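Let me begin by presenting the structure, written as structure tokens, before commenting on it.
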């Protein structure tokens, strides 16, 4: 557990398929020289109920948004906010050190920082002369 968030490294096939029955979480994915950064607005979600998991090169965020006031559908004039379970799976654009991921939750925004793996720019090739 890092920063109060539980990171899981494997998801079952059933869990991946269940994504279609949940609300989709909007995300921003960016990078610095050293980190991949994922930003997700999760207002209304309890940070202890947010799950972040890795499966190969896929990162999945799951949770539930709970409204502060419980109303019936008849009481709404307009209902644009999504309440209930949500998830989002993202194919990561670069290789990362998933075991070093850190997540923070502040003012309804989930921020995940994952160190990128460094790649060797130059791979030396040894030339073997034929006899």
Inset, instruction - Assuming R0 = 41 Å, can you tell me the calculated FRET efficiency for the pair residue 100 and residue 22, based on Cβ-Cβ distance, to the nearest 0.05? - result: 0.90
Inset, instruction - Determine the gain in length on full extension of the stretch residue 30-residue 82; use 0.36 nm per residue of separation and subtract their C-alpha separation, reporting nm with one decimal. - result: 16.3 nm
Inset, instruction - Could you calculate the FRET efficiency of residue 71 with residue 119 from 1/(1 + (r/R0)^6), where r is the beta carbon distance between them and R0 is 41 Å, rounded to 0.05? - result: 0.20
Legend entry - Average Cα contact separation per residue, the range 17-131, under 8 Å, 6 or more apart, as relative contact order %: 30
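Every read-out reported here was derived from the displayed coordinates using simple, explicitly stated rules and does not represent laboratory data. Remember, it's a predicted structure, so these values are computed and weren't measured experimentally. When we count neighbours, we look across all protein chains shown, and the Cβ atoms used for this are built from the backbone with ideal geometry, even at glycine.
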